[in-house]
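Student: First the structure, which I've put down as structure tokens, then a few questions once you've had a look.
The values are calculated or read from the model by the stated rules, or taken from the named source; none is laboratory data. Here the structure is a predicted model, which means the values were calculated and not measured. In this analysis, Cβ positions are derived from the backbone assuming ideal geometry, glycine residues included, and neighbour counts consider all displayed protein chains. The accessibility values were calculated without ligands, DNA or RNA, using every heavy atom of the protein model including side chains. Shrake-Rupley method; radii C 1.70, N 1.55, O 1.52, S 1.80 Å.
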Amino acid sequence: MSILDEKHYRNIIGLLKEAQKGLTIEEISKKLNLSRITTTKYLNSLFASGQVNMRKLGPAKVFTLSARLPVEQILNQSSDLILILNESYIIRQVSESFLLAFGISKDQLENQNIDTTVIGPDLIDRIRDPVKQAMAGKESVVNAWIPVQKERRAFRIRVIPLAFGWGDKGVAVMLEDRTEEILAQEENALLADLLNDSPAAIIVSDFEGNFLYSNKKNLDLHGYSQSEFLNLNISHIGTPESEKLKDGLFKELKKAGELSFEVVHFRKDGEQIPLEVHAKMATWGDRDVSIGIATDISERKQAERALKESERRFADIIDFLPDATLVVNRKGTVIAWNRAIEEFTGVKAGEIVGKGDYAYATAMYGERRPFLLDLIFQNDPDVQKHYRHFSKKGNTITAETTLTPPRAEKRLAWLKASPLYDKDGRITGAIESIRDITDLKRAEEELRESEHKFATVFRSNPVALTLVSATDGVFVEVNDAFLTRTGYARKEVIGKTSGELGIFAEDGKYGEMVSRLKTRQHIHGMELRCRIKSGEIRTCRFSASVIVMSGGPYILSTVEDITQRKMAEEARQQQTQGLATLNALAIDLASMPSGEPCEKIILKTLMKMSGAVATWFSHYDPVDRSLRVSDMEIAPGMMEKVVHLLGKRPYDMRIPLNDKMYREITRDIVGKRRTLTEISFGQIPPVVSAAIQKMAGVDRFIGIACIIEGQLYGASVLAMKAGQPDPSTELLESFSHIVAVSLRRRRAENALMDSEEKFRALFENANDGIIVNEMTPKGPGKFIDANDEACRILGMTREEMQDIRLVDLDTPEMKERAPVIYQEIKRNNRAVFQTNYRTKDNREKILDISVSLFDLNGRPTMLSVIREITGRKAT
């Protein structure tokens with residue numbers, strides 16, 4: 001081809017480029033002004049080298065420009081890695097750059113089938129189809145990662161049809177290394193996805209406040225679409241207060257390069273959202289910009305408000321405590337100083353709150369030194385030496401000491417210090433209460449009772465936390481408090497579901513909680529019964545929220561064990577009901593006439609308080625020293641069975657008590673026995689006892705002795721079923737006291753009535769006259785009573801005696817003797833004398849009188865026994 005004119009080659013190729021449908025030999029020779037023979041010679045040369053194609057159209061030959069390039073042109077004109085293959089996939093030629101890149105020699109490739117070479121399997125499998133297309137004359141491009149020596153590289157591979165000088169077809173495989181570009185593109189795409197999917201709101205703006213970029217979180221936070229938000233300025237979404245700060249913040253950011261601050265923005269719907277923003281100065285193209293990462297701090301602000309409110313309530317509670325109280329934080333700084341301690345020390349809260357370095361000790365001792373509450377943070381035997389009766393129970397310390405406040409009097413004080421905890425169980429401070437016991441030291445027993453009634457004012461317990469995947473319910477993390485409460489080890493929980501662990505004792509409750517969370521995203525104070533590792537069922541209160549972490553939803557829960565609180569509430573309710581029942585019993589017994597039986601109301605009260613199967617009451621007779629069953633409460637139909645087994649009615653039972661039995665009953669007010677034989681002191685045989693207990697389902701008996709000052713008045717017995725809880729011993733002791741007081745009153749009233757009846761019988765049936773009248777400083781006073789014989793002797797009725805003084809009927813001689821006799825009565829409380837008495841019908845009688853003094857309702861009273869001896873004197 002070199003002996004031909006290169007200019008004619010270029011001219012022919014140029015014509016064929018313009019004529020895509022091709023030209024005949026005649027058309028080319030005319031256009032170039034060449035002979036047909038010369039034109040044919042050039043065309044044959046181009047055809048042989050593969051640069052033109054030829055097809056017959058009738059008798060004419062039509063030539064078109066070939067898509068194949070000469071091998072020499074490809075190798076010489078390209079800097080890519082090039083591999084030349086013929087139709088048999090034999091490597092004909094390879095570029096130096098290819099050999100250098102793959103680290104192999106030319107003799108390892110040239111004239112070898114590519115499938116059998118070291119690069120063949122990794123390369124040809126990725127370009128086999130493009131090679132087939134190129135053999136058919138069609139160029140193609142493919143992207144692929146190819147192993148190159150010890151690493152993988154990304155190539156853009158062009159497979160180009162070509163023609164060898166002798167006319168055979170072939171392909172050129174051209175590899176363009178684009179590894180760095182593709183890695184950069186993938187990295188940029190990854191960064192873009194990370195930014196857009198970031199849980200933090202990210203904004204880019206210029207220093208005029210125009211927005212240049214916003215990720216999805218920020219759009220969701222503000223409620224705008226991408227196009228809406230990028231058309232806004234910072235001034236459009238900031239509150240007036242935030243807008244005032246904008247210029248100053250931009251100025252400070254330019255100066256510092258990085259800045260954190262808080263602002264308030266408006267959402268599209270007008271709602272305000274507080275944000276914490278961390279901004280950094282950066283370059284965006286050819287200008288400086290601010291890249292801001294914003295976090296919604298609505299919950300934190302709410303928590304801060306709640307914390308301030310909690311602190312205010314805490315301060316109010318501390319301030320109104322009756323005991324002098326101070327609170328310090330972990331650093332020893334005073335954070336609370338109530339009114340009582342102001343009065344105790346003479347130091348106002350404003351003078352000491354916020355101060356550390358043992359400032360509270362100067363108010364107590366006049367010098368800086370560790371105080372009792374400092375032992376909460378660090379034990380120090382030298383500090384303990386300053387205190388008497390030092391005691392530590394759990395984390396609570398009590399002691400006594402003498403305080404010498406510089407502005408107040410010297411005091412003997414009882415001190416109590418306890419730690420304060422945060423939600424994770426860490427000690428954050430200490431509280432100390434100070435009670436003036438100067439006047440109460442002599443009452444140590446009272447003080448111990450008071451200490452027992454009052455618990456630590458403030459006590460904080462760690463809260464159990466769990467993190468569970470909302471997708472599959474698997475525990476992702478739990479804290480130590482949860483493990484302590486449940487008894488599990490961490491490895492036993494992580495990766496398991498609550499269903500696999502069997503934590504929730506009620507079917508469907510966990511699903512209900514998850515369903516509520518899906519609707520509300522938050523629940524608070526949901527009570528659930530939970531099973532810990534030991535199998536014990538506990539009542540817990542759950543609060544939970546759905547949070548997003550690492551692109552996935554999780555359930556964050558707090559678990560508070562309220563089992564003890566529930567039990568305490570139930571016990572308190574039972575105690576309150578029991579006290580109300582006892583109060584009603586006391587009122588009923590006090591208002592009941594002494595002659596009316598009280599056993600029914602006593603037993604009904606016992607049944608109501610205890611829920612016993614049966615109960616009975618026995619009176620104690622101190623004369624024959626025995627207990628007799630006086631009444632019984634039992635289920636309908638059961639009495640007949642008891643009588644049948646016992647062989648007699650329970651009311652016919654009498655239990656004699658010897659000294660040992662009496663001491664056993666009166667030693668303990670409330671006592672427990674397993675069998676009827678024991679509770680009856682052997683009066684009921686063991687066989688009968690076992691039969692009755694089996695029939696009634698009773699496994700124990702509770703005896704209640706009604707005792708006052710060591711004296712027994714009666715006893716009650718409760719028959720309790722197996723598994724039934726015992727009533728409170730405190731309530732039963734209160735019941736015993738109320739009943740014993742009533743029984744003692746009734747016994748005294750009955751004795752008084754008996755005494756009055758005997759006195760009245762003696763009074764009315766006496767052979768002598770008897771007169772009762774008041775005694776005054778001047779002598780006999782107002783008439784009280786007289787018997788029939790006295791009325792006969794004196795010749796008056798009782799009504800007439802009411803209107804006169806008996807001394808007025810004395811003879812003149814007796815009136816003279818009366819003062820002497822009266823003094824004798826006052827001196828000796830008695831006197832015996834004779835007197836002449838004149839009746840209202842003017843008859844004179846001689847009387848023998850014996851006078852005695854006694855106390856009647858707190859007043860001195862005269863009892864006069866008179867006997868008429870007129871006839872005896874006459875003889």
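Student: If you filter the stretch 248-345 for GluC sites (Glu not before Pro), then keep DSSP loop positions with at most 11 other Cβ within 10 Å, what is left?
Tutor: Of the GluC sites (Glu not before Pro), the ones in loops of the stretch 248-345 whose Cβ has at most 11 other Cβ atoms within 10 Å are GLU271.
Student: Rank ALA751, PHE833, ILE804 by how far each Cα sits towards the positive end of the charge dipole of the stretch 724-875 (+1 on Lys, Arg Cβ; -1 on Asp, Glu Cβ) and give me just the farthest.
Tutor: Going by the charge dipole, the pick is PHE833.
Student: Here's a follow-up. Cα centroid distance between the stretch 758-781 and the stretch 86-118, in Å?
Tutor: Result: 153 Å between the Cα centres.
Student: Counting each DSSP H run of 4 or more residues in the chain as -39500 (n - 2.57), what helix-only mean residue ellipticity at 222 nm follows after dividing by all residues, to the nearest 500 deg cm²/dmol?
Tutor: Working: 32 runs with 342 residues, N = 875.
Theoretical 222 nm ellipticity from helices: -11500 deg cm²/dmol.
Student: In the chain, which whole DSSP H runs stretch at least 27 Å along their own axis (Cα) and average 1.0 or higher on the Kyte-Doolittle scale?
Tutor: Span-like helices in the chain: none at all.
Student: Now for a separate question. List the residues, sorted by chain then number, that are 5 or more residues from VAL52 or on another chain and whose placed amide H is less than 5 Å from its amide H.
Tutor: Here PHE47, SER66 satisfy the definition.
Student: Explain nothing, just compute: Karplus ³J(HN,Hα) = 6.51 cos²θ - 1.76 cosθ + 1.60, θ = phi - 60°, for every residue of the stretch 272-283 in order, whole Hz, x for Gly and Pro.
Tutor: Residue by residue, the stretch 272-283 yields 8, 10, x, 10, 9, 10, 10, 10, 9, 7, 8, 9 Hz.
Student: In addition: Modelled label-to-label distance, THR861 and LEU307, 7 Å Cα→beta-carbon offset: nm?
Tutor: Using points 7 Å along Cα→Cβ, the separation is 8.0 nm.
Student: How large is ³J(HN,Hα) for each residue in the stretch 857-866, as worked out from phi by the Karplus curve 6.51 cos²θ - 1.76 cosθ + 1.60 (θ = phi - 60°), to whole Hz, x for Gly and Pro?
Tutor: 6, x, 10, x, 9, 9, 10, 10, 9, 10
Student: Hey, rough spin-label estimate for VAL118 and LYS393, points 7 angstrom out along Cα→Cβ, what's it come to in nanometres?
Tutor: Spacing of the two 7 Å Cα→Cβ label points: 8.6 nm.
Student: On to the next question. Using the Cα centre of the chain as origin and beta-carbon charges of +1 (Lys, Arg) and -1 (Asp, Glu), tell me which of GLY366, ILE12, ALA184 is placed farthest towards the positive end of the dipole.
Tutor: The Cα lying farthest towards the positive end belongs to ILE12.
Student: Please list the non-local residues whose amide H lies under 5 Å from the amide H of GLY238, H modeled 1.01 Å from N, same-chain partners needing a gap of 5 or more.
Tutor: PHE266
Student: Modelling each spin label as a point 7 Å along the Cα-to-Cβ direction, I'd like the ARG126/SER97 distance in nm, to one decimal.
Tutor: Simple spin-label model gives 1.7 nm for this pair.
Student: Per 0.36 nm of contour for each residue apart, how much would the distance between LYS533 and ILE90 grow if the chain were fully extended, relative to their Cα-Cα spacing?
Tutor: Extra length from LYS533 to ILE90 when fully extended: 152.2 nm.
Student: Which aspartates and glutamates have a Cα lying under 13 Å from the Cα of LYS251, excluding residues fewer than 8 positions away in the same chain?
Tutor: ASP206, GLU208, ASP288
Student: Filter the GluC sites (Glu not before Pro) in the stretch 184-213 to those in DSSP coil with at most 15 other Cβ atoms within 10 Å of their Cβ, and list the result.
Tutor: Counting only loop positions with at most 15 other Cβ atoms within 10 Å, the GluC sites (Glu not before Pro) in the stretch 184-213 are GLU208.
Student: Next question. Give me the percent of accessible area attributable to carbon and sulfur for the stretch 14-65, probe 1.4 angstrom.
Tutor: Whole-percent figure for carbon plus sulfur exposure: 53.
Student: Residues with beta-carbon under 12 Å from that of PRO727, excluding PRO727: net charge, scoring Lys, Arg +1 and Asp, Glu -1?
Tutor: Net charge in that neighbourhood comes out at -1.
Student: With the other protein chains left in place, how much accessible area per residue, in square angstrom, belongs to the chain at a 1.4 angstrom probe?
Tutor: That works out to 57 Å² for each residue.
Student: Once phi is turned into θ = phi - 60°, what whole-Hz ³J(HN,Hα) does the Karplus curve with 6.51, -1.76 and 1.60 give for every residue of the stretch 374-390, x standing for Gly and Pro?
Tutor: 5, 6, 5, 8, 7, 6, 9, x, 5, 5, 4, 5, 7, 10, 9, 6, 5
Student: Multiply the residue separation of VAL643 and LYS17 by 0.36 nm, subtract the distance between their alpha-carbon atoms, and state the gained length in nm to one decimal. Intermediate results must be reported in sequence, preceding the final value.
Tutor: Values: separation 626, 0.36 × 626 = 225.36 nm, distance 13.13 nm.
Gain in length upon complete extension: 212.2 nm.
Student: Taking H as built 1.01 Å from N, whose amide H comes closer than 5 Å to the amide H of ASN787, not counting residues under 5 places away?
Tutor: ILE770
Student: May I ask you to compute the full-extension gain from GLU492 to LYS410, defined as 0.36 nm times their residue separation minus their alpha-carbon distance, rounded to one decimal in nm?
Tutor: Separation in residues times 0.36 nm, less the Cα-Cα distance, equals 23.6 nm.
Student: Need one word for the stretch 731-875: rounded, prolate or oblate. Basis is the Cα gyration tensor (sqrt eigenvalues a ≥ b ≥ c); a/c below 1.5 gives rounded, then a/b vs b/c decides.
Tutor: prolate
Student: Continuing with this model, one more query. Carbon and sulfur atoms: what percent of the 1.4 Å accessible area of the stretch 664-782 do they account for?
Tutor: 56 percent
Student: Taking square-rooted eigenvalues a ≥ b ≥ c of the alpha carbon gyration tensor, is the chain rounded, prolate or oblate, where a/c under 1.5 means rounded and, failing that, a/b exceeding b/c means prolate?
Tutor: It is prolate, given that a/c is not under 1.5 and a/b is the larger ratio.
Student: Follow-up. Got a sec? Charge dipole of the chain, +1 on Cβ for Lys and Arg, -1 for Asp and Glu; which of ALA144, GLN577, PHE701 is way out at the positive end?
Tutor: Looking along the dipole axis, the top candidate is ALA144.
Student: Taking chymotrypsin sites (Phe, Trp or Tyr not before Pro) that fall in a DSSP loop and have at most 12 other Cβ atoms within 10 Å as cut points, what is the longest piece of the chain between them?
Tutor: Here the longest run is 455-875.
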